[in-house]
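Let me begin by presenting the structure, written as structure tokens, before commenting on it.
Laboratory data are not the source of any read-out in this text; all were calculated from the coordinates shown. Remember, it's a predicted structure, so these values are computed and weren't measured experimentally. Cβ sites come from the backbone with ideal geometry, for glycine too, and all protein chains shown count toward neighbours.
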Amino acid sequence: MTKERPKLENLIHAQTTDVEVFQNTVLRPIIKMQHHLLIAFFKSFLHKRKIDFGSLSLENQKSTIKSALEKDIAFKNQIIGCVLGQFSMKEYDMYSKNSSEFNRRIKQIIIKRLQDSILDIS
């Protein structure tokens, strides 16, 4: 099975910054392409920590997702690694110039994506 990055339309405008261009042309398509893998990683995280995700309220489920990516450094780094592993050398060069900002953006996009996919996780 080969994976291909989806093309996301209408995200680049004249006033879009270089960081936003990278986010919308590289990060978002990779994260979308890796969607099922990210859900599997999160399910594994829940299983390893013996968290009964389905029994939590919707607010607690969203909080658990956010907490996992903000407080569990090993898990966050593993998730970020899933994205970085899809970079070309040129993309990695751009990422390495501002890695902390891009890591923050990756984390926020994935938190939102997982929160929007709670039904797939439960």
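How much FRET efficiency would the formula 1/(1 + (r/R0)^6) give for GLN78 and ILE118, where r is the Cβ-Cβ distance and R0 is 22 Å, rounded to 0.05? Result of the calculation: an efficiency of 0.60.
What angle do you read, to the nearest 10 degrees and between 0 and 90, between the alpha-carbon axis of helix 58-71 and the longest principal axis of the chain? The angle comes out at about 60 degrees. For the listed peptides 86-97, 27-38, a ranking on the average number of other beta carbons within 10 Å per residue, highest first, reads 27-38, 86-97.
Taken one residue at a time, the phi angles of the range 98-111 give Karplus couplings (6.51, -1.76, 1.60, θ = phi - 60°) of 8, 4, 5, 5, 5, 4, 4, 5, 4, 4, 5, 5, 5, 4 Hz. Gly and Pro are set to x. For the chain, the longest principal axis of the Cα atoms and the long axis of helix 35-48 meet at an angle of about 40 degrees. Each Lys or Arg adds one and each Asp or Glu takes one away; over the other residues whose Cβ falls under 11 Å from the Cβ of ILE80, this sums to +4.
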